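Colleague: This is the structure, below, for whatever I ask next.
The values are calculated or read from the model by the stated rules, or taken from the named source; none is laboratory data. All figures in this text were calculated on a predicted structure; none of them were measured in a lab. Glycine also receives a Cβ, built like all others from the backbone with ideal geometry; neighbour counts cover every protein chain displayed. Side chains included, ligands, DNA and RNA excluded: accessible areas come from the protein's heavy atoms. Shrake-Rupley method; radii C 1.70, N 1.55, O 1.52, S 1.80 Å.
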Amino acid sequence: MRGRTVWVGTSWKMTKTLGEARAWVDTVVTGLTASARAAAPAGVQPFVLPAHTALASVRDLLGPASPLLLGAQNAHQGPEGAGTGEVSMRMVADAGAELVELGHSERRASFGETDATVALKVRAALDAGLRPLVCVGEPGPVRDAGEEIGFVAAQVAAALAPVRPEERGRVLLAYEPVWAIGEHGRRPETAEVAPVLAEVARLGGGGSDGERPLVLYGGSVDQGNAAALLEDPSTDGLFVGRAAWEPEGFLGLLAIAASVASAARP
Ligand code: PGA
């Protein structure tokens, strides 16, 4: 880890009815309270990105004093009006989102999102007062060809192009190699991802904590590899799918992050 705070968040992707969302929140809040941490564990910033349908109800279940930041998994870059089936940045902010995930590889692969779309969404998110969480990462064949650093660098440059210098601290960059994501993904070794994380951090700029984007790692993170991944010196935290969809898994990851954060404290 490189900052003072370890970020640990999950996107529920296309899972969870309202009842399932409520059960997850209840267990996480109870778990934090039972361990005498009605707030998040010291040194840890948790976040959760429900599907749009559950956003407002998760906001209401968590309440205003919640230690969990809330976010959306996507929103449209354009003005409101003729966008059937889409939701705007302003609408997700109104439903409780402080973060908005952009450019996940599933959206790039299945919904035609390009670096250009992601750049428009980053600008729209910032203009709506949201913190963009931009996913970048190379497909397996690009890694096999040894071209992952250049590939990811181009994605990061596109995402940061519309960001003013003083806004950089509002951006989160999640390095998520496509070959590591999801049920067919391969768990990475820290050494495989470290050079790319270092490049993402470098491109974000070496400014003070408040001015640089945070750098997260995502893709087959679980309780077995979380501590090792957090040892990476370019990483501010973890972005998790499957291993946090059960609330006990999320709580376990928060506990690991808390012990990494406390070990790093002077
Ligand atoms: P996973 O998903 O943790 O289930 O591999 C990660 C992601 O897509 O963000």
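Colleague: Using only the Cα atoms of the stretch 1-152, build the gyration tensor, take square roots of its eigenvalues as a ≥ b ≥ c, and label the shape rounded, prolate or oblate: rounded if a/c is under 1.5, else prolate if a/b is larger than b/c, else oblate.
Modeller: Verdict is oblate for the stretch 1-152.
Colleague: Under a point spin-label approximation (7 Å from Cα along Cα-to-Cβ), what is the Ala23-Asp60 distance to one decimal in nm?
Modeller: Each label point lies 7 Å from its Cα, and together they span 2.0 nm.
Colleague: Just the number, please: carbon plus sulfur as a percent of the accessible area of the chain, 1.4 Å probe, no ligands or DNA/RNA counted.
Modeller: Here carbon and sulfur together make up 56 percent of the probe-accessible area.
Colleague: Name the long-range amide H neighbours of Asn74: under 5 Å, sequence gap of 5 or more, or other chain; modelled H, no Pro or chain starts.
Modeller: Sorted by chain and number, the residues that satisfy this are Glu101.
Colleague: Probe 1.4 Å, all protein chains in place: accessible area of Phe239 in Å², nearest 10?
Modeller: Roughly 10 Å² of Phe239 is accessible to a 1.4 Å probe.
Colleague: Determine the calculated [θ] at 222 nm for the chain from helices alone, applying -39500 (n - 2.57) to every DSSP H run no shorter than 4 residues and normalising by the residue count; nearest 500 deg cm²/dmol.
Modeller: -12500 deg cm²/dmol
Colleague: Provide the per residue accessible area, probe 1.4 Å, for the chain, rounded to a whole number of square angstrom.
Modeller: 43
Colleague: Rounded, prolate or oblate: which one fits the stretch 1-79, using the alpha carbon gyration tensor with axes a ≥ b ≥ c (rounded when a/c is under 1.5, else prolate when a/b beats b/c, else oblate)?
Modeller: Oblate, because a/c is 1.5 or more while a/b does not exceed b/c.
Colleague: In the Gaussian network model of the chain, springs joining C-alpha atoms below 10 Å, which of Gly96, Gly185, Gly19 carries the largest mean-square fluctuation?
Modeller: Of Gly96, Gly185, Gly19, the most mobile in the Gaussian network model is Gly19.
Colleague: Roll a 1.4 Å probe over the protein heavy atoms and report the accessible area of Glu231 in Å², nearest 10.
Modeller: Glu231 has an accessible surface of roughly 120 Å² with all protein chains in place.
Colleague: Take the alpha carbon gyration tensor of the stretch 70-156, find the square roots of its eigenvalues, order them as a ≥ b ≥ c, and report rounded if a/c is under 1.5; if not, report prolate when a/b exceeds b/c, else oblate.
Modeller: Prolate shape, in that a/c is at least 1.5 and a/b is the bigger ratio.
Colleague: Which residue fluctuates the most in the chain, going by a Gaussian network model with Cα springs under 10 Å, if the choices are Arg168, Arg186, Arg131?
Modeller: Most flexible of the set in this elastic network: Arg186.
Colleague: Show His104, His52 ordered by accessible area, largest first, where the area counts protein heavy atoms only and the probe is 1.4 Å.
Modeller: His52, His104
Colleague: Given Gly78, Leu32, Val48, which one lies farthest toward the positive end of the charge dipole of the stretch 1-111, if we put +1 on the Cβ of every Lys and Arg and -1 on the Cβ of every Asp and Glu?
Modeller: Leu32
Colleague: Could you compute how much accessible surface Ile181 exposes when probed at 1.4 Å, giving the result in Å² to the nearest 10?
Modeller: Ile181 has an accessible surface of roughly 30 Å² with all protein chains in place.
Colleague: Sorted from largest down, what three extents in whole angstroms do the Cα atoms of the chain have along their principal axes?
Modeller: Its Cα atoms span 49, 47, 38 Å along the three principal axes.
Colleague: Could you give the dipole magnitude of the chain about its Cα centre, charging the beta-carbon of Lys and Arg +1 and that of Asp and Glu -1, in debye to the nearest 20?
Modeller: 480
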